[in-house]
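Below is one structure, written out as structure tokens; the observations come after it.
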Amino acid sequence: MNILHDERLDGELVPHDRAKVLAALANAAPDLTLLHREEDLRPFECDGLSAYRVLPMLVALPETLDQVEALLRKCHELRVPVVTRGAGTGLSGGALPLEQGVLLVMSRFSRILEIDADARIARVQPGVRNLAISEAVAPHGLYYAPDPSSQIACSIGGNVAENAGGVHCLKYGLTVHNVMSLNVMTIEGERMTIGSEALDSPGFDLLALMMGSEGMLGVVTEVTVKLLPKPETAKVLMASFDDIEKAGTAVGAIIAAGIIPGGLEMMDNLAIRAAEDFIQAGYPVDAEAILLCELDGVEADVQEDINTVRRVLETSGATDIQLARDDAERARFWAGRKNAFPAVGRMSPDYYCMDGTIPRRELPRVLKGISQLSEQYGLRVANVFHAGDGNMHPLILFDANREGELAVAEELGGRILELCVEAGGSITGEHGVGREKINQMCAQFGSLEITAFHAVKHAFDEHGLLNPGKNIPTLARCAEFGAMHVHNNELPHPELPRF
Amino acid sequence: MSATETSTTSGDDLVSLGERLKQAHREGGAVRIEGGGTRHFTGRQVEGEVLSTRRHRGITSYDPVELIVSVRAGTPLQELEATLAQHGQMLPFEPPRFGAESTVGGMVASGLSGPRRPWAGAVRDFVLGMRVLDHQGREQRFGGEVMKNVAGYDLSRLMVGAQGTLGLITEVSLKVLPVPSSSRSLRLEIDRERAMQQLASWGRQPLPLSAATWHDGALNLRLEGGPGSVAATADMIGGDDLDAGYWQQLRDWQLPLFRDDQFRSQPFTDHQQPLWRLALPANTPALALAELEGAESIDDWAGCQRWLRSDIEATTLRDACALAGGHATCFTPQAADPYTPLSPVLARYHRQLKQQLDPNGVFNPGRLYPDF
Ligand SMILES: Cc1cc2nc3c(=O)[nH]c(=O)nc-3n(C[C@H](O)[C@H](O)[C@@H](O)COP(=O)(O)OP(=O)(O)OC[C@H]3O[C@@H](n4cnc5c(N)ncnc54)[C@H](O)[C@@H]3O)c2cc1C
Ligand SMILES: Cc1cc2nc3c(=O)[nH]c(=O)nc-3n(C[C@H](O)[C@H](O)[C@H](O)COP(=O)(O)OP(=O)(O)OC[C@H]3O[C@@H](n4cnc5c(N)ncnc54)[C@H](O)[C@@H]3O)c2cc1C
């Protein structure tokens, strides 16, 4: 399968002459840094989904809002598509460039503009790294809760565009729950403030609409985030299981006991061994699965919750339960989890990270389904994921140098996502649709919903110039690829012609 | 029955709701969506045929272990809350209940949240997915019944607070939470300025605060969490015990300031002063407007939501709020412009969105703003 823009299915892209566009942009914004030589463009040809690469026509590295405005106005006038890029850590090809488009890189917008500790907010530019916010506000005893595993590198603008989440989001929410307001520039170069420092704003909830919109409705130019007081204490329990389904059942049981952990993460044997090899976190390498359960809050409550969770884990059949003795051990337990992706990466030349979400009760069944698919396709799958959210991240191990193995990995990935949809879940929990899951969108949504998505896009970007071809498939694409999932012999989108 | 429960008093009225909308589409008419008829003082007057959701009711699935409930729009809020309470769970955003007829659809479409909002989040923060009927009466499904989902645009949250102007909500999936195991309410007689300073400094510590008003010369606080932390915080804060019924009255707009009976179906009478709600950034000082001297008010949400009875000129009040970074809504029935006007750019994109999702203006036209 090829996920590169296919004009036949994704819409025509007007051809442009690089030199002419370059001249027009240089004229519109004389001090704007524009890259156009192949060797300068090369570093931007892909994001975290590196299997797919496209050289952009031009790369723009603005430093001021006026430059962004001039660039967007000119591109709008010339009908040149614009793909926005933050730190490029996206795993779904959301910032994959277009050959006929400009790549707008927001990384130079990297200033923290204001910290108001009393109001518990920070106003930051979109290129600020997620972790940098928490570091900057730490002296005030505050932090920014959403913590994607990529937080050391990813930008807050990219987090907004992907509605990013992390270990903490079970208790503290996703980006959508932690952003107060956005400054956005439309493709027409108009500036809007969406949301406010008050807790709501008049009109439609455009703030929610912008979250996870993958750079298709506007360019985020400023973000005001909500800060939280650092919990007084955080403790982590590690429970071992000799059966992965038992671990899956324990996840539901903890929450049923009325406990919302600060984080509830699960790793299977393959992931445990990889992490232990890499980090020496002290993981039980013979366990079939481990659960890491973090309880945070006020000392007295945390102690009580630990006792409750211990009891639940024992009844759920945990073979061993360890409480991290001190902060150093707690950090070590987490280091294994946080480094699980690179750790798995050391076991195999390539891996492919999936991102599906399911109702928690379906964890045991879906885990079993994944292991059956893994056998069927002959590729190993490591499971390490946000169990408390039902957000799975199966890592498919493969070797891209072996003829056809990438294609097998992709097919297996697609099957896993469809399994998630069948279980009542979603094809993406936090990594976004981008280009990668554009076909699976047709499995999750029908043509009415997809039409409504296009209507929203149209309201903000009439000519479809912002990040075209991402996130929302055309109905033509669904007609072609939706046909892969025939239920009861009914073709999806029967009203559309077949290619 | 398995983990998933279905309520007994249910009814599926989807087909007839769809038919009504198809008819409106054919005939170029508009509908005025009506849930319980309890929030008619919110928003602007709508000309249109009444379309009642009340027959489309019932909890379609509830799995306490998942912390997710799916419920049809016409279900009485009371019925939903009673079912959750049986399992020790709740709607954390504490929506106001304006009488037994309040419906879940009206709760979501009006987007109002109660005292716990600054600490727990608003209605929209707990919406996971939705089923809606579009302007041609066709069912669409957005979001889902899972905690995380970033596929497509978040149209379900967009519907929250849109006052039924973008679509007819038929079913909504909500995240619910366990009721905190311990709760305590306190009253401290301190002046407003000191109260706000205290709240700012407590806000920077991990304390189990879950409601805070300054009202009648006192700071009223609610602590919720584990018994240990609630007791320890209460000891630290001191003050007198406050009857927890206060929060229910605040939540349901039954305190004297709201003048309870006004929000029934009776018409608004002239001698009462308009009711204003100000939404302001944290730590905004009291608005320095001579017209507000002696006005009746409650500072809720640790000062971020202020209720006010005043005849003050709308533009004067709105300008002062805008200067502070907030906005003001008038909840007096028949208010000409209940909502703060949008900036020209925002208004343009609002119109374009409405035009795209409801091209013929079928849904509650004019309810939010005159032109959409
Ligand atoms: C005696 C009487 C006379 C009235 N006369 C008028 C009148 O002339 N003009 C007028 O505009 N109103 C009038 N109303 C108010 C009218 O009933 C409301 O405006 C109605 O449209 C909202 O229903 P509700 O109050 O039950 O709202 P709630 O159920 O509390 O709903 C609040 C808001 O949400 C919307 N809503 C409710 N359910 C849904 C849903 N499922 N999907 C999408 N949106 C939803 C409503 O339209 C409303 O905007 C009158 C009410 C009464 C009791
Ligand atoms: C090892 C690893 C672990 C990860 N773990 C997690 C995780 O736990 N949780 C999670 O949610 N994600 C995770 N991710 C995915 C990724 O880090 C997030 O999606 C992140 O939010 C992307 O931010 P970015 O700045 O790198 O964006 P990019 O990759 O540059 O862009 C992503 C999307 O955002 C758009 N965009 C970027 N900036 C702007 C802007 N200013 N305005 C408008 N649109 C913009 C782009 O057009 C694109 O569609 C992980 C990635 C890696 C490599």
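Tabulated data for the structure shown
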{"item": "Residues that are under 22 Å from the mean Cα position of the chain (by Cα), closer than 19 Å to residue A:209 by Cβ and more than 7 Å from chain B (Cβ to nearest Cβ), drawn from the range A:432-465", "result": "A:434, A:450, A:454, A:457"}
{"item": "Tally of residues being surrounded by fewer than 18 Cβ atoms within 10 Å (Cβ to Cβ) and either on the phi > 0 side of the Ramachandran plot or in contact with a Leu (Cβ under 8 Å, 6 or more places away or on another chain) (or both) across the range A:141-156", "result": "2"}
{"item": "Test: residue in the range A:361-381 that is under 24 Å from residue A:251 (Cβ atoms) and under 19 Å from the mean Cα position of the chain (by Cα)", "result": "no"}
{"item": "Candidate set from the range A:186-198 (those that are surrounded by 22 or more Cβ atoms within 10 Å (Cβ to Cβ) and of a type in the set (A, V, I, L, M, F, W, C)); member that is farthest from residue A:227 (Cα to Cα)", "result": "A:187"}
{"item": "Matching entry among A:260, A:321 (being more than 30 Å from residue A:400 (Cβ to Cβ) and within 12 Å of another protein chain (Cβ to nearest Cβ))", "result": "A:260"}
{"item": "Residue check, residue A:337 more than 14 Å from chain B (Cβ to nearest Cβ), of a type in the set (Lys, Arg) and farther than 26 Å from residue B:151 by Cβ", "result": "no"}
{"item": "Selection count, the range A:428-473, where residues are in contact (Cβ under 8 Å) with a residue 40 or more places away in the chain and within 16 Å of ligand 1 (Cβ to nearest atom)", "result": "0"}
{"item": "Residues (in a helix (DSSP H, G or I) and either under 20 Å from residue B:60 (Cα atoms) or not assigned by TED's automatic domain parsing to the domain that holds residue B:36 (or both)) located in the range B:103-123", "result": "B:104, B:105, B:106, B:107, B:108, B:109, B:123"}
{"item": "Where a residue in the range B:309-335 is away from every other protein chain (no Cβ under 12 Å) and its partner, wherever it lies, is in a strand (DSSP E or B) and β-branched (Val, Ile, Thr), with Cβ under 9 Å and at least six apart", "result": "B:335/B:329"}
{"item": "Matching entry among A:69, A:99, A:114 (being surrounded by fewer than 22 Cβ atoms within 10 Å (Cβ to Cβ) and more than 22 Å from residue A:210 (Cβ to Cβ))", "result": "A:99"}
{"item": "Where a residue in the range A:43-60 is of a type in the set (Gly, Ala, Ser) and surrounded by 21 or more Cβ atoms within 10 Å (Cβ to Cβ) and its partner, wherever it lies, is modelled with pLDDT of 95 or more and part of a loop (DSSP other than H, G, I, E, B), with Cβ under 8 Å and at least six apart", "result": "A:60/A:32"}
{"item": "Complete set of residues in the range B:135-176 that are more than 7 Å from chain A (Cβ to nearest Cβ), within 28 Å of residue B:49 (Cβ to Cβ) and out of contact with any Lys or Arg (no Cβ under 8 Å at 6 or more places or on another chain)", "result": "B:135, B:156, B:159, B:167, B:168"}
{"item": "Residues being assigned to a strand (DSSP E or B) and modelled with pLDDT of 95 or more - total across the range A:297-333", "result": "4"}
{"item": "Selection count where residues are within 15 Å of ligand 1 (Cβ to nearest atom) and either among the polar types (S, T, N, Q) or within 14 Å of chain A (Cβ to nearest Cβ) (or both), scope the range B:19-36", "result": "1"}
{"item": "Subset of the range A:117-144 [away from chain B (no Cβ under 14 Å), of a type in the set (Val, Ile, Thr) and within 22 Å of residue A:297 (Cα to Cα)]", "result": "A:133"}
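The values are calculated or read from the model by the stated rules, or taken from the named source; none is laboratory data. The shown structure was predicted, so the numbers you read here are calculated from the model rather than taken from an experiment. Please note: Cβ atoms are built from the backbone with ideal geometry, for glycine as well, and neighbour counts cover all protein chains shown.
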